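One structure below.
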Amino acid sequence: MKCKLCETKEAQRGAGMCYTCLELYKSIATDPGLAAKILRSLSPPVANKAKSEGWHGVDLDGTLALYDGWKGIDYIGEPIPLMVERVRKWLAQNEQVRIVTARVHPNQDGRAIEVVRYWIDQWCLKQFGQTLPVTNEKDYGMIDLYDDRCVQIIPNTGVRVDGKE
């Protein structure tokens, strides 16, 4: 059986992890600051899938577009240059990108969701010259998620990457 963390070495019997990952896990459990240092030094991140296999998720309000409060279904803020350039780079490399937003949550009126999609499509056409798939869900194909509300956790530990409680 392969190690459930690194997926490259054989797991130790009963532990589910190889010796190296088990020792690392023990260290991280006692020193959250160490976890942040280790993860920052990893390249590429252990949990990443190959880019050709998946898609990048990008939140809309507050991540891709400026957000300073709800101004209506048809209003999407000005583009955030750093994120727009990042998305353009991915698209130029033929990588898949999806807008991940609560604006299309299914609890809304179905007609309203289509109107929201229309305005997101118009915004994307202006920024990228094409529409992007829009969802409110992640799946196993998601490579990463850029979102202003996320807190990254070290897989299988519950420990924050930034070392905070």
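Derivation of every value follows stated rules applied to the coordinates shown; laboratory data play no part. Keep in mind the model is a prediction, meaning the values are calculated, not measured. Glycine also receives a Cβ, built like all others from the backbone with ideal geometry; neighbour counts cover every protein chain displayed.
Which one is nearest to THR101 (Cα to Cα) among residues in the range 131-159 that are in contact with a Ser or Thr (Cβ under 7 Å, 6 or more places away or on another chain) and free of Cβ contacts under 8 Å to residues at least 60 places away in the same chain? Can you show your working first?
First, pick out the residues of the range 131-159 that are in contact with a Ser or Thr (Cβ under 7 Å, 6 or more places away or on another chain): 134, 136, 146-148.
Okay, now just the ones that are also free of Cβ contacts under 8 Å to residues at least 60 places away in the same chain, so 134, 136.
Working: VAL134: 7, ASN136: 5 Å.
Per the stated criteria, the residue is ASN136.
Does ALA65 qualify as being farther than 30 Å from GLY16 by Cα and surrounded by fewer than 18 Cβ atoms within 10 Å (Cβ to Cβ)? Taking the combined requirement at face value, the residue does not satisfy it. Tell me, please, whether a residue that is touching a residue at least 12 places away in the same chain (Cβ under 8 Å) and not in a helix (DSSP H, G or I) can be found in the range 107-115. No, every residue in the range 107-115 fails to be touching a residue at least 12 places away in the same chain (Cβ under 8 Å) and not in a helix (DSSP H, G or I). Scanning the range 115-165 for residues being within 27 Å of GLU78 (Cβ to Cβ), surrounded by 11 or more Cβ atoms within 10 Å (Cβ to Cβ) and of a type in the set (D, E, K, R) gives a total of 7.
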